[in-house]
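Participant: Sharing a structure with you now.
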Amino acid sequence: MFYKLLNLSGHSPDALKYLMIDTPVDLGFLYKFMREVSRVNQVFKDYGKIALSIHCENPEIIRVTSEEAKNKPTGNPLKDYSNARPPWQEELAIHEVAVMARETKCPVNLLHLSSRKAVEAGVDVSSRYSDVDFLLKEHSITSACPTT
């Protein structure tokens, strides 16, 4: 989800050049991709599950919070990086993915959950949308940020 506006480091709005593509990777792209994953999952269901693995972030929020962190550095680069990616933006992105997964019937593996809010959002959407297959594995939870 991150690359729809920013490059991997989060400081350039020229993601299309970074990805060497000419089609925006936005929620519309993700919706179409999720429909296709759902279709392929149905075709090959007798052989196992095919799910979309996704790292949920919101680049629109990260763009703004990165600027804020850059303009008011704490002197601690890890703290600044964390401030540029607040937990609630990950929570928001998980809910966006959940709604699209419900609509497309796309199984989803939520990757690299990095905050308590993200883990709680993952648990919430998996219970709220019980007809959607959300794969929440223990290894998806980053223990480096257990209280954020």
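Participant: Considering only protein heavy atoms and a 1.4 Å probe, what is the carbon-and-sulfur percentage of the accessible area of the range 59-125?
Facilitator: Here it works out to 58 percent.
Participant: Report P(r) for the range 40-129: all Cα-Cα distances, bin width 5 Å, range 0 to the bin holding the largest distance, values in whole percent.
Facilitator: Calculated P(r), rounded to whole percents: 3, 13, 21, 18, 15, 11, 8, 5, 3, 2, 1.
Participant: Step through the residues of the range 54-67 one at a time and calculate ³J(HN,Hα) from phi using the Karplus curve (6.51 cos²θ - 1.76 cosθ + 1.60, θ = phi - 60°), rounding each to whole Hz and writing x for Gly and Pro.
Facilitator: Residue by residue, the range 54-67 yields 9, 9, 8, 9, 10, x, 5, 6, 4, 4, 6, 5, 5, 4 Hz.
Participant: Please list the non-local residues whose amide H lies under 5 Å from the amide H of SER53, H modeled 1.01 Å from N, same-chain partners needing a gap of 5 or more.
Facilitator: Here ASN109 satisfy the definition.
Participant: Considering only DSSP states other than H, G, I, E and B, which chymotrypsin sites (Phe, Trp or Tyr not before Pro) in the range 40-138 qualify as loop sites with at most 11 other Cβ atoms within 10 Å?
Facilitator: For chymotrypsin sites (Phe, Trp or Tyr not before Pro) across the range 40-138 that sit outside H, G, I, E and B with at most 11 neighbouring Cβ atoms in 10 Å, the list reads PHE44.
The values are calculated or read from the model by the stated rules, or taken from the named source; none is laboratory data. Only a predicted model underlies this, so the values are computations on that prediction, with no experimental measurement involved. Glycine also receives a Cβ, built like all others from the backbone with ideal geometry; neighbour counts cover every protein chain displayed. Please note that ligands, DNA and RNA were not included when accessible areas were found on the heavy atoms of the full protein model with its side chains. Shrake-Rupley method; radii C 1.70, N 1.55, O 1.52, S 1.80 Å.
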